[in-house]
Amino acid sequence: MTAGQATGVAADAGALRAVAVATLSANWEHDHTVPSRTLYPHQWSWDSAFTAIGWSHLRPARAWRELAGLFRAQWGDGRVPHIVFNPALPAGSYFPGPGFWDSACAEGAPPAATSGLVQPPVHALAGWLAYRRDPCDAARAALGRLYPRLVAQQRYLATHRDVGGGGLACIVHPWESGLDNSPAWDIPLAAVPAEAAVMRAYRRHDTAHTDAAHRPTDLDYARYVAIVAAYRAVRYRDERLADRHPFLVECPLLNAAAGEAEQALARIAGTVGADPGPHRERAAAITEAVVDRLYDPATGLFHPRDLRTGRLLPARTALGLMPLVLSGLPARPVATVVAEACSPRFGLGARMDRPLPSHDRTAADFEPLRYWRGPSWLNLAWLLRRGLLAHGRADLAAGLRRSMIDLVARSGCHEYFHPDTGAGLGSPAFGWTAALLLDVLAERG
Ligand code: 2M8
């Protein structure tokens, strides 16, 4: 099957699996998987974790190469950059490219050109799942090599990024959340001084490949660029962020991923001869901090906390459901998050007639076509499904799994999907859609 056919529609599980395999194979690039050949032709951090999970079903060696390749670009301070640039690609194949980031200006940056930001740390989980699927000697050795790097990644978030001092990591850019233009960020982003006209000096790559009406606006991009410029100006150092950085938010997804990573690290530690105890303690501490600092009993959801104002950000987005992945989450938030997920806002159910949206369907600023402001994404459904299984809701997890499979059967491995019709949006032949589909297909309903 060709990559072109990989964008098509498939009827049964076998054909669907073949579409996903063709997509992942077509996106494989010597030691990593590109999210998309057109829109995102380099290596992205959390995409690589998700695609490693997909490879573990097909060619486990590639899962380990994918993760090892990403962590080769880890910085001296432990941060895992959210983009590792492929030097073989021409300048202009992505904006902002390596010249804009200028990672070489930073102390401790790797030889490879990278961004200076991070993304949700779902890599320990990916490593653990890949190992569990194929626990051979080679996999144990690969996991053993990865373990200290995963620990350093967590340490970076727990120390350099605990700007609020409450035991949670803060993000310094919306790109670090992975949900770039979520309505969750509208308030803190509006406080970043910038003008859309700034973008005349740059050439956006995304709008050359996909409908501009589906992407963040030029004003959003002007602000994204301004925040990177502020961080780059201090060579991506994290000291005194509270005094000088224009965007500082504690994100429920990133912190839930960090808590879940400690659970995975506890299991990995037990396998590679290290002590699981400290990881279990940190998982419990992060879970407690996520509840203390980000749970709003009034909405029953988790909300990001803006460290510049001290306030919770009011939008009810899918970010607020993600702490369900924390297995130690207390019963009350579990109950209210599940109730919210099942409400008309998100429409979760044992039978779903529409897929999970990335934002509250009933909100005035819900946009079914624009990127993270409404469309359905398979990685969010996959994470929520894990959370439902962790908290004994196999009935709802089965409904979500069915809706994930139906989406790809209808539209192919698109980057995201229309939350009402299921039509494919963004880039076709998208890496994590294929990978996570393979993962759910491999599990029984
Ligand atoms: C999107 O983000 C990049 C910037 O990092 C972009 O819009 O250019 C997001 O969907 C992000 O979550 C994802 O990792 C990346 C690559 O798929 O694309």
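A few notes on this one:
- Gly328 in contact with a Ser or Thr (Cβ under 6 Å, 6 or more places away or on another chain) and within 16 Å of the ligand (Cβ to nearest atom): no
- Every test in (1) of a type outside the set (D, E, K, R); (2) under 21 Å from Arg373 (Cβ atoms); (3) without any contact (Cβ under 8 Å) to a residue 60 or more places away in the chain; (4) not in a loop (DSSP other than H, G, I, E, B) is passed by Ala229 save one, and that test is (2).
- Scan of the range 88-104 for residues that are touching a residue at least 24 places away in the same chain (Cβ under 8 Å) and loosely packed, with under 13 Cβ neighbours inside 10 Å, ordered by number: Gly92
- Within the range 88-112, the set of residues being hydrophobic (A, V, I, L, M, F, W, C) and in a helix (DSSP H, G or I) comprises Phe100, Trp101, Ala104, Cys105.
- Any hit, the range 213-230, residues being among the hydrophobic types (A, V, I, L, M, F, W, C), away from the ligand (no atom under 16 Å from the Cβ) and more than 15 Å from Arg200 (Cα to Cα): yes
- Failed item, numbered, when Ser376 is tested on (1) in contact with a Ser or Thr (Cβ under 8 Å, 6 or more places away or on another chain); (2) over 26 Å from Trp185 (Cα atoms): (2)
- Residue match in the range 292-301 (condition: of a type in the set (Ser, Thr, Tyr), part of a helix (DSSP H, G or I) and either touching a residue at least 40 places away in the same chain (Cβ under 8 Å) or surrounded by 15 or more Cβ atoms within 10 Å (Cβ to Cβ) (or both)): no
- Test: residue in the range 251-264 that is surrounded by fewer than 20 Cβ atoms within 10 Å (Cβ to Cβ) and farther than 29 Å from Ala142 by Cα: no
- Filter result for Tyr156 (closer than 30 Å to Gly127 by Cα, surrounded by fewer than 22 Cβ atoms within 10 Å (Cβ to Cβ), touching a residue at least 24 places away in the same chain (Cβ under 8 Å) and out of contact with any helix residue (DSSP H, G or I) (no Cβ under 6 Å at 6 or more places or on another chain)): yes
This table checks each residue for (1) within 16 Å of the ligand (Cβ to nearest atom); (2) modelled with pLDDT of 95 or more; (3) under 17 Å from Trp372 (Cβ atoms).
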{"site": "Arg161", "(1), (2), (3)": "no, yes, no"}
{"site": "Ile171", "(1), (2), (3)": "yes, yes, yes"}
{"site": "Asp180", "(1), (2), (3)": "yes, yes, yes"}
{"site": "Ala190", "(1), (2), (3)": "no, yes, yes"}
{"site": "Arg203", "(1), (2), (3)": "yes, no, no"}
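- The lone exception for Val80 - which of (1) without any contact (Cβ under 8 Å) to a residue 40 or more places away in the chain; (2) hydrophobic (A, V, I, L, M, F, W, C); (3) in a loop (DSSP other than H, G, I, E, B) it fails: (1)
- Residue in the range 100-108 that is of a type in the set (Gly, Ala, Ser), over 28 Å from Ala233 (Cα atoms) and more than 12 Å from the ligand (Cβ to nearest atom) present: no
The values are calculated or read from the model by the stated rules, or taken from the named source; none is laboratory data. All values reported here derive from a predicted model rather than from experimental measurement. Cβ coordinates were reconstructed from backbone atoms using ideal geometry, including for glycine residues, and neighbour counts include every protein chain displayed.
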